[in-house]
Amino acid sequence: MVLRCPAKLPKTRRNEHALNERDMLLSDSDLLALWLSFRLAGTVTLVLLLLGTPIAWWLARTRGWWKGPIGAVVALPLVLPPSVLGFYLLVAMGPNGPIGRLTQTLGLGLLPFTFWGLVAASVFYSLPFMVQPLQTAFEAIGDRPLEVAATLRASPIDAFFTVAVPLALPGFVTASILTFTHTVGEFGVVLMIGGNLAGITRVASVQIYDHVEALEYTQAHRLAAVMLIFSFLVLLAVYAWRPNPKKGT
Amino acid sequence: MESIHACFRIEWSRFCLDVDLKLPLRGVTALFGPSGSGKTTLLRCIAGLERAPHGRLTVGGEIWQDGHHWVPTHKRPLGYIFQEASLFSHLTVLGNLHYGLRRISTAARVSVEHAIELLGISHLLDRKPDRLSGGERQRVAIARALAVNPRLLLMDEPLAALDLKRKQEILPYLDRLHDELKIPVLYVSHAPDEVARLADHLVVMETGRVLIDGPLAETLARLDLPIYLGEDIGTIIETTVSAVDNEWHLMRVDFQGGHLWARDSGILVGRRVRVRVLARDVSLADRLGHSSIQNVLNGIVDAIGDDEHPGLALVRVKVGEARLVARLTKRAASSLALQVGKEVWVQVKSVALLE
């Protein structure tokens, strides 16, 4: 299964191309779509580790009235139809939207229908999957270990990295895996923001949709099975890898 | 300037703290009171874990908090021991001990070996906290606090979360701290026996205010205190072991003004030992007679006060420099015609050696 560059194939030849590779488990375009899904999920997970950690920390520690509204905004993507979120993001990132103006001013061009546009949209869409497990993990630590660290001469930032992060490590693992898998499984937002450009925005979930649209059920089956097995194995890992409940220390 | 001057005012919806205290910067000072009396909050204010908006705190002349300054907890040279050991569960015992040690200046570093030896934890260093017993954890927590070479040690009911057996396991180590440490200790407790055993100075608190503050022996002998001690009212006497009677397994302890016999507990002759005499174990007589009670002292009635129950009185007797309190019925006090200045015989049924 050599990864050629099927993205450059003209659209009309796609079916023919798939037929030629009937004997292979996955076609090159399938592999490209999978690779794009994983690249997107990996990038989003990294961005959210940097972005979601401070938000989760703040939500876990603050007693201010802002906690409610911010917590609700973070949780919105859980209940909002992806098309709604995608629509607003599309407008915001468009030539006349605030984000669009900003990216144009910065010389980045427009984000919709690009890989980085997908990343930006997915960061919003997967935010709760990073923030909520982290927030729970930080809340479970409580104030005490940080107070102990302070009495042992650790500044707040020092205590965060040497006490809070190690103690919340299972939370980081869970949050990262959930974010990654959730981004891999994304469909609606991708379609709204990214469209369907092979090699740029056509991720695995969109590829399956394409296969079904084109009545290529065999290919759809194969790719869907890969996604199913992948998701199951990852979730199995999350649920099997549960450290023993901490005894009181 | 060798004192802690703490002045805090906090007004929360359900709790107020209003204290203005001057505490000695040496020995063990017990902050004593029922739960909700504000003793832990006061300790947390001193540590900087709680920030009283109107507060002033100087320790040995150094300002830790006033209207313009606020020294954050991690810059205060203190050690803090919480009620639960609160060890870092991701580190071994040694990792816990080194956590603070690595963060202090090399000049301030002392050997952590001393703390390890003092708390008897050298065989536990490689273990993770979840492999320790409750008592062991608290010993590690104490060693960890000592490892940063603090100038002030704050202890928040370090024994309260432990059962009696674990308490007995830790108390000898606290005795050693008391005897060997040169740094002042603030010790929060609601257990009279711990206070009598460990403290040199006593602060009694209630509903966020300081009721009484003074040297331990003097404060325990106050008759306006008993309501907080109940059955535990009693006084302490600093004594020296002077003789051992091997035939009867007894030990004689001397103090200025007399001596007492106690069960021989193996303490060497010449050692100083603190003795606690509970008011319910003291009776008074106006003449000497034959009795099963071996400890009879001659003293002068110093003060008479009411006990909680209307039928009971507390009578304080001065024996040399020591003071003993007897709990009597008011009828007995009346039939003995007790009054301040009267000479009486004090019969002590039992004494507790606090060592």
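The values are calculated or read from the model by the stated rules, or taken from the named source; none is laboratory data. Just so it is clear, the structure is predicted and the values come from calculations on it, not from any experiment. Reconstructed Cβ throughout: ideal geometry from the backbone, glycine too, with neighbour counts over all protein chains shown.
This table checks each residue for (1) closer than 15 Å to A:Met192 by Cβ; (2) at pLDDT 95 or above; (3) out of contact with any His (no Cβ under 8 Å at 6 or more places or on another chain); (4) polar (S, T, N, Q).
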residue: A:Gly86; (1), (2), (3), (4): yes, no, yes, no
residue: A:Gly94; (1), (2), (3), (4): yes, no, yes, no
residue: A:Gln104; (1), (2), (3), (4): no, no, yes, yes
residue: A:Gly107; (1), (2), (3), (4): no, no, yes, no
residue: A:Leu110; (1), (2), (3), (4): yes, no, yes, no
residue: A:Ala121; (1), (2), (3), (4): yes, no, yes, no
residue: A:Phe129; (1), (2), (3), (4): no, yes, no, no
residue: A:Gln135; (1), (2), (3), (4): no, yes, yes, yes
residue: A:Glu139; (1), (2), (3), (4): no, yes, yes, no
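Tally time: how many residues in region B:326-352 are crowded, with 19+ Cβ neighbours inside 10 Å and not small (Gly, Ala, Ser)?
Residues that pass the stated criteria total 8.
For A:Arg144, are the conditions met, namely being buried (at least 21 other Cβ atoms within 10 Å of the Cβ), more than 24 Å from the chain's Cα centre (by Cα) and charged (D, E, K, R)?
Criteria not met by A:Arg144.
Among (1) over 20 Å from the mean Cα position of the chain (by Cα); (2) buried (at least 21 other Cβ atoms within 10 Å of the Cβ); (3) not charged (D, E, K, R), there is one condition B:Thr239 misses while meeting the rest; what is its number?
Only one criterion is unmet by B:Thr239, namely (1).
Working carefully through the options A:Leu51, A:Leu59, find the one that is within 16 Å of the chain's Cα centre (by Cα) and in contact (Cβ under 8 Å) with a residue 12 or more places away in the chain.
Checking each option against the conditions leaves just A:Leu51.
Can you name the residue in region B:39-55 that is away from every other protein chain (no Cβ under 14 Å) and surrounded by 24 or more Cβ atoms within 10 Å (Cβ to Cβ) and, of all such residues, is nearest to the chain's Cα centre (by Cα)?
Checking each candidate, the answer is B:Lys39.
Restricting attention to region A:212-222, does a residue exist that is of a type in the set (S, T, N, Q), more than 14 Å from every other protein chain (Cβ to nearest Cβ) and surrounded by 15 or more Cβ atoms within 10 Å (Cβ to Cβ)?
So the first thing to find is which residues in region A:212-222 are of a type in the set (S, T, N, Q), and the list is A:218-219.
With more than 14 Å from every other protein chain (Cβ to nearest Cβ) added as a condition, the list becomes A:218-219.
Cutting the leftovers down to surrounded by 15 or more Cβ atoms within 10 Å (Cβ to Cβ) gives us A:219.
Yes, region A:212-222 contains a residue that is of a type in the set (S, T, N, Q), more than 14 Å from every other protein chain (Cβ to nearest Cβ) and surrounded by 15 or more Cβ atoms within 10 Å (Cβ to Cβ).
Residue check, A:Ala168 against (1) within 14 Å of another protein chain (Cβ to nearest Cβ); (2) crowded, with 21+ Cβ neighbours inside 10 Å; (3) under 15 Å from the mean Cα position of the chain (by Cα); (4) not charged (D, E, K, R), all met but one. Which one?
Evaluating A:Ala168 over (1) within 14 Å of another protein chain (Cβ to nearest Cβ); (2) crowded, with 21+ Cβ neighbours inside 10 Å; (3) under 15 Å from the mean Cα position of the chain (by Cα); (4) not charged (D, E, K, R) leaves (3) as the failure.
Does A:Ala198 meet the test of being buried (at least 22 other Cβ atoms within 10 Å of the Cβ) and of a type in the set (Gly, Ala, Ser)?
Working: buried (at least 22 other Cβ atoms within 10 Å of the Cβ): no; of a type in the set (Gly, Ala, Ser): yes.
In short, no.
So which of A:Thr151, A:Thr162, A:Thr174 is in contact with a strand residue (DSSP E or B) (Cβ under 9 Å, 6 or more places away or on another chain), crowded, with 18+ Cβ neighbours inside 10 Å and hydroxyl-bearing (Ser, Thr, Tyr)?
The match here is A:Thr151.
Determine, yes or no, whether B:Val140 is surrounded by fewer than 14 Cβ atoms within 10 Å (Cβ to Cβ), in the same structural domain as B:Arg9 (by TED's automatic domain parsing), within 28 Å of the chain's Cα centre (by Cα) and hydrophobic (A, V, I, L, M, F, W, C).
So B:Val140 does not fit the description; no.
Results for (1) free of Cβ contacts under 8 Å to residues at least 12 places away in the same chain; (2) in contact with a Pro (Cβ under 8 Å, 6 or more places away or on another chain); (3) within 14 Å of another protein chain (Cβ to nearest Cβ), shown as yes or no for each residue.
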site	(1), (2), (3)
B:Leu57	no, no, no
B:Trp64	no, no, yes
B:Val71	no, no, yes
B:Gln83	no, yes, yes
B:Asn96	no, yes, yes
B:Ile121	no, no, no
B:Leu124	no, no, yes
B:Pro129	no, no, yes
B:Ser133	no, no, yes
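Of the residues in region B:296-325, how many are part of a strand (DSSP E or B), surrounded by fewer than 20 Cβ atoms within 10 Å (Cβ to Cβ) and under 26 Å from the mean Cα position of the chain (by Cα)?
Of the residues in region B:296-325, 6 are part of a strand (DSSP E or B), surrounded by fewer than 20 Cβ atoms within 10 Å (Cβ to Cβ) and under 26 Å from the mean Cα position of the chain (by Cα).
Please find, among B:Arg144, B:Arg103, the residue that is out of contact with any helix residue (DSSP H, G or I) (no Cβ under 6 Å at 6 or more places or on another chain) and either facing chain A (nearest Cβ under 9 Å) or closer than 23 Å to B:Pro24 by Cβ (or both).
Among B:Arg144, B:Arg103, only B:Arg103 is out of contact with any helix residue (DSSP H, G or I) (no Cβ under 6 Å at 6 or more places or on another chain) and either facing chain A (nearest Cβ under 9 Å) or closer than 23 Å to B:Pro24 by Cβ (or both).
Quick check on my filter: what residues within region A:227-249 are within 14 Å of chain B (Cβ to nearest Cβ) and at pLDDT 90 or above?
Pass one, region A:227-249, residues within 14 Å of chain B (Cβ to nearest Cβ): A:243-249.
Correct list: empty.
Within region A:73-97, how many residues turn out to be closer than 13 Å to A:Gly117 by Cβ and touching a residue at least 40 places away in the same chain (Cβ under 8 Å)?
Qualifying residue count, region A:73-97: 4.
Collect the residues in region A:175-226 that are modelled with pLDDT of 90 or more, in contact with a Phe, Trp or Tyr (Cβ under 9 Å, 6 or more places away or on another chain) and hydroxyl-bearing (Ser, Thr, Tyr), keeping them in residue-number order.
The answer is A:Thr179, A:Thr181, A:Thr183, A:Ser205, A:Tyr209.
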